[in-house]
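Working notes, structure below.
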Amino acid sequence: MEQVTGIIMAGGKSSRMGEDKGLMIYKGNPMISYPLSVLQGICGEIIISTNNIEYSRFGYRLIDDAIKGIGPIGGLYSSLMASKNEWNLVVACDMPFVSESFLRELIAFEKKGFNALVPQNTNKQYEALCALYSKSCIPIIENQIKKKEFGLYQLLNKLHVNKLSVSIDNRNFINLNTLNEFREAESGI
């Protein structure tokens, strides 16, 4: 398998949750520990995109946003710049159900001629924070930032994306954004 960098996106404001999602204890462990453990079996390099120094306790390189206040595109840009590998597996810190088998399938998907491999569900919605991005995205992201177009969906429309079709109820993409979602997941609902 080719060398891939794992990037965990943990830079969000967590405004709907009220505290840093990745550090919340979910079933006995910080929520970030679930995607981290999956990436450890796949990636030779793992970095955490965050502005929160508390993530240093996990022992991985922290990448601060080079451009503050522009959302996930800023974290993606800074992490791609810092990555040692051409291909980068991006996973959000609040995805406790993402599986190694799914991520391996994503990595094995056709990449030649593409900037990104992004799952797309049956409602045509992208799963932009559980996807594979090439460093070839960097100049396109820079252009988007110059235009003040910070949305990831706007970015995906500018990239040459290979779409991996997935079911709308695929558990890999469940992310916990609110306390209610968090409590339901923890109680097994």
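Of the numbered criteria (1) touching a helix residue (DSSP H, G or I) at 6+ places or on another chain (Cβ under 8 Å); (2) among the β-branched types (Val, Ile, Thr); (3) under 30 Å from GLY41 (Cβ atoms), the one ILE107 fails is (1).
Comparison of LEU155, LEU164 shows that the only residue that is modelled with pLDDT under 90 and surrounded by 15 or more Cβ atoms within 10 Å (Cβ to Cβ) is LEU164. Is there any pair with a first residue in the range 24-36 that is closer than 14 Å to ALA10 by Cβ and a second that is modelled with pLDDT of 95 or more and part of a loop (DSSP other than H, G, I, E, B) whose Cβ atoms are under 8 Å apart and which are 6 or more apart or on different chains, and what are they? From the range 24-36, the pairs are LEU36/TYR60. Once the range 115-141 is narrowed to residues that are polar (S, T, N, Q) and not in a loop (DSSP other than H, G, I, E, B), the residue that is farthest from CYS93 (Cα to Cα) is SER136. Note on the range 115-131: residues that are open to solvent by 30 Å² or more (accessible area, probe 1.4 Å), polar (S, T, N, Q) and either free of Cβ contacts under 8 Å to residues at least 24 places away in the same chain or under 16 Å from GLN154 (Cβ atoms) (or both) total 1.
The values are calculated or read from the model by the stated rules, or taken from the named source; none is laboratory data. This is a predicted model, so every value here is computed, not measured. Cβ coordinates were reconstructed from backbone atoms using ideal geometry, including for glycine residues, and neighbour counts include every protein chain displayed. With ligands, DNA and RNA removed, areas are computed over all heavy atoms of the protein, side chains included. Shrake-Rupley method; radii C 1.70, N 1.55, O 1.52, S 1.80 Å.
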